[in-house]
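Written below as structure tokens is the structure these notes are about.
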Amino acid sequence: MDLITTTADLAAACSRLAKHPVITVDTEFLRETTYYPLLCVVQMASAEEAIVIDTLAAGIDLKPFFELMANEAVLKVFHAARQDIEIIWHQAGIIPHPVFDTQVAAMVLGYGDSIAYDALVEKVTGHRPDKTHRFTDWSRRPLTKEQMHYAVSDVTHLRDVFAALDADLKKRRRSEWVSIEMEVLTSPKTYDFHPERAWERLKTRVRKPKDLAVLMEVAAWREQEAQSRDVPRGRVLRDEAVSDIATHAPNTIEKLANLRSVPKGFEKSKWGADIVAAVERGLARDHATLPKLEKPRNNNNGAAIVELLKVLLRMTAERHAVASKVIATVDDLEEIAADDDADVPALRGWRRELFGEAALKLKRGELALAVEKGRVIGVQRAERAAIPTTTPSS
């Protein structure tokens, strides 16, 4: 097939696709050496055709593609859509809508947590996709016939996967479950990321307000630097070093040089001075303006409750053929164990109906877990008799 390399051909193709109620979409991009993903190829398919767009072609204007993504009359089907949507949001400032994510649908239908595209295609259609070009360099030109075939097969197989999942969702009356997830996926808030929130992505857990203030300033500086230079965050400063700086708060070049996590000689660069300035801003922050740090939970049985909730979650997921990850996360379970009114997805909407109410009953002693014929089951308890933890004295 011919590769679309001109704006005129792209506009004509998008006009044809816009006449269909459903199209499948996929993108190929690189982000190993940049902060913002480099969009290299877009492939789309309707029931009648499949096209491949060379987004790096000289002079091509992607406006027809972005207009199609915003066309409310056309459902856009992706697999694991978040990165694809992020790219479109960054390049055009729009969120594709409406969308359908086959990975989310697969989780709702019990295909496992975050199932990969090729595994889902094989399970649904019986076809084993060619993985040869998954990690190819899509920025190199010209694209080979093999790359073109790979790109097209991604969206043509996706048509069959969507049809099967959509039919199953309707049969099991779970279409609304996916629709709720799509509201989050297509919310601008999901992609409108600001440097001052960069610290939230770090796995480090600080315990002191001072450490948090420094962490917030240094993480924000690194994010801005990575954005301005269009390089990955780790190229500016590794996560380990950011956490180390937050803990030690080096407010001089000499103190910064003493940190083992900071590259040798780094302190002598302009970045070294920038980091010291960020540390000083953090130390000067009013602690009253900082986000509240999580306090250690005093519930001695908290860990045991979480373990019981994990068993209930696994039991619920298996019983209803839904991926446990899409029902509740471990963080959700910890929140529920500490607070009956926790503001978590597991206690809202269909998740509450499926799992949340039972989780609260388990906490209150109104539901017990038992094993019957090799399976864990929930048993309603009429009485809430406490189970002794020690042997009664005679």
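From the list Asp339, Asp286, which one is open to solvent by 50 Å² or more (accessible area, probe 1.4 Å) and within 31 Å of the chain's Cα centre (by Cα)? Steps first, please.
Values: Asp286 fails: within 31 Å of the chain's Cα centre (by Cα).
One residue alone meets the criteria, Asp339.
Would you say Asp230 is closer than 30 Å to Val77 by Cβ, surrounded by fewer than 16 Cβ atoms within 10 Å (Cβ to Cβ) and of a type in the set (D, E, K, R)? Even if it seems obvious, please write down each step before you answer.
On the way: closer than 30 Å to Val77 by Cβ: no; surrounded by fewer than 16 Cβ atoms within 10 Å (Cβ to Cβ): yes; of a type in the set (D, E, K, R): yes.
Taking the combined requirement at face value, the residue does not satisfy it.
Suppose we filter Asp154, Asp113, Asp84 for residues that are within 30 Å of Val322 (Cβ to Cβ), at pLDDT below 95 and outside any loop (DSSP other than H, G, I, E, B); which single one remains?
On the way: Asp113 fails: outside any loop (DSSP other than H, G, I, E, B); Asp84 fails: at pLDDT below 95.
Result: Asp154 is the single residue among Asp154, Asp113, Asp84 that is within 30 Å of Val322 (Cβ to Cβ), at pLDDT below 95 and outside any loop (DSSP other than H, G, I, E, B).
Out of Val42, Val108, which single residue is touching a residue at least 60 places away in the same chain (Cβ under 8 Å) and open to solvent by less than 40 Å² (accessible area, probe 1.4 Å)? Steps first, please.
Working: Val42 fails: touching a residue at least 60 places away in the same chain (Cβ under 8 Å).
From the options Val42, Val108, the qualifying one is Val108.
How about segment 362-383: which of its residues are touching a Leu at 6+ places or on another chain (Cβ under 7 Å) and open to solvent by 70 Å² or more (accessible area, probe 1.4 Å)?
Matches in segment 362-383: Gln380, Arg381.
All but one of (1) more than 30 Å from Glu318 (Cβ to Cβ); (2) open to solvent by less than 60 Å² (accessible area, probe 1.4 Å); (3) in contact with a Ser or Thr (Cβ under 9 Å, 6 or more places away or on another chain) hold for Leu120, so report the exception by its number.
Every condition holds for Leu120 apart from (1).
Test Arg128 against the stated conditions and say whether it is farther than 23 Å from Pro37 by Cα, touching an Asp or Glu at 6+ places or on another chain (Cβ under 6 Å) and either open to solvent by 50 Å² or more (accessible area, probe 1.4 Å) or not in a loop (DSSP other than H, G, I, E, B) (or both). So that I can check it myself, show each step before the final result.
Numbers: farther than 23 Å from Pro37 by Cα: yes; touching an Asp or Glu at 6+ places or on another chain (Cβ under 6 Å): yes; either open to solvent by 50 Å² or more (accessible area, probe 1.4 Å) or not in a loop (DSSP other than H, G, I, E, B) (or both): yes.
In short, yes.
Hey, can you tell me all the residues within segment 238-258 that are without any contact (Cβ under 8 Å) to a residue 40 or more places away in the chain and touching a Ser or Thr at 6+ places or on another chain (Cβ under 9 Å)?
Within segment 238-258, the subset without any contact (Cβ under 8 Å) to a residue 40 or more places away in the chain is 238-241, 244-245, 248-258.
Result: Arg238, Asp239, Glu240, Ala241, Asp244, Ile245.
Of these, Ala50, Ala92, which one is under 20 Å from Pro188 (Cα atoms), open to solvent by 20 Å² or more (accessible area, probe 1.4 Å) and either of a type outside the set (Asp, Glu) or at pLDDT below 95 (or both)? Walk me through it before giving the result.
Details: Ala50 fails: under 20 Å from Pro188 (Cα atoms).
Among Ala50, Ala92, only Ala92 is under 20 Å from Pro188 (Cα atoms), open to solvent by 20 Å² or more (accessible area, probe 1.4 Å) and either of a type outside the set (Asp, Glu) or at pLDDT below 95 (or both).
Looking only at segment 269-277, decide whether some residue is modelled with pLDDT of 95 or more, farther than 30 Å from Pro37 by Cβ and not small (Gly, Ala, Ser).
yes
Please find, among Leu202, Leu215, the residue that is modelled with pLDDT of 95 or more and either open to solvent by less than 60 Å² (accessible area, probe 1.4 Å) or within 30 Å of Trp271 (Cα to Cα) (or both).
From the options Leu202, Leu215, the qualifying one is Leu215.
Residue-by-condition table, conditions (1) within 17 Å of Arg201 (Cα to Cα); (2) among the hydrophobic types (A, V, I, L, M, F, W, C); (3) surrounded by 13 or more Cβ atoms within 10 Å (Cβ to Cβ):
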| position | (1), (2), (3) |
| --- | --- |
| Ala219 | yes, yes, yes |
| Pro250 | no, no, yes |
| Ala257 | no, yes, yes |
| Lys268 | no, no, no |
| Ala273 | no, yes, yes |
| Ala278 | no, yes, yes |
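So which residues in segment 53-67 are in contact (Cβ under 8 Å) with a residue 60 or more places away in the chain and either closer than 10 Å to Ala11 by Cα or open to solvent by less than 20 Å² (accessible area, probe 1.4 Å) (or both), if there are any at all? Can you show your working first?
Going through segment 53-67, the residues in contact (Cβ under 8 Å) with a residue 60 or more places away in the chain turn out to be 54, 56.
Of everything in segment 53-67, just one residue is in contact (Cβ under 8 Å) with a residue 60 or more places away in the chain and either closer than 10 Å to Ala11 by Cα or open to solvent by less than 20 Å² (accessible area, probe 1.4 Å) (or both), namely Asp54.
For segment 1-50, name all the residues that are among the aliphatic types (A, V, I, L, M) and in a strand (DSSP E or B). Spell out the reasoning first.
If we filter segment 1-50 for residues that are among the aliphatic types (A, V, I, L, M), which is where we start, we get 1, 3-4, 8, 10-13, 17-18, 22-23, 25, 30, 38-39, 41-42, 44-45, 47, 50.
Passing the criteria: Ile4, Val22, Ile23, Val25, Leu30, Leu38, Leu39, Val41, Val42, Met44, Ala45, Ala50.
Does segment 301-311 contain any residue that is within 25 Å of Thr33 (Cα to Cα), over 24 Å from the mean Cα position of the chain (by Cα) and open to solvent by 20 Å² or more (accessible area, probe 1.4 Å)? Spell out how you get there, then give the answer.
Quick first cut of segment 301-311, residues within 25 Å of Thr33 (Cα to Cα) only: none.
There is no residue in segment 301-311 that is within 25 Å of Thr33 (Cα to Cα), over 24 Å from the mean Cα position of the chain (by Cα) and open to solvent by 20 Å² or more (accessible area, probe 1.4 Å).
Can you list residue pairs whose Cβ atoms sit under 6 Å apart, with the first residue in segment 358-378 being of a type outside the set (S, T, N, Q) and the second being in a loop (DSSP other than H, G, I, E, B)? Count only pairs 6 or more apart in sequence or on different chains.
Final answer for the pair search is Leu360/Asp340; Gly365/Arg384; Glu366/Arg381; Ala368/Arg381.
Looking at segment 56-81 only, could you name the residues that are part of a helix (DSSP H, G or I) and closer than 22 Å to Ser139 by Cα? Write out each step before concluding.
As a first pass, look at segment 56-81 and keep what is part of a helix (DSSP H, G or I): 63-69.
Passing the criteria: Lys63, Pro64, Phe65, Phe66.
Can you name every residue in segment 68-89 that is open to solvent by 20 Å² or more (accessible area, probe 1.4 Å), acidic (Asp, Glu) and either in contact with an Asp or Glu (Cβ under 7 Å, 6 or more places away or on another chain) or touching a residue at least 40 places away in the same chain (Cβ under 8 Å) (or both)?
Our first condition is that a residue be open to solvent by 20 Å² or more (accessible area, probe 1.4 Å); within segment 68-89, this holds for 70-73, 75, 79-80, 82-83, 86, 89.
Right, trim to acidic (Asp, Glu) and you get 72, 86.
Within segment 68-89, Glu86 is the sole residue that qualifies.
The values are calculated or read from the model by the stated rules, or taken from the named source; none is laboratory data. Bear in mind that the values here come from a model prediction, so they are computed numbers and not experimental data. Cβ coordinates were reconstructed from backbone atoms using ideal geometry, including for glycine residues, and neighbour counts include every protein chain displayed. What goes into the accessible areas is simple: the full protein's heavy atoms, side chains included, and nothing from ligands, DNA or RNA. Shrake-Rupley method; radii C 1.70, N 1.55, O 1.52, S 1.80 Å.
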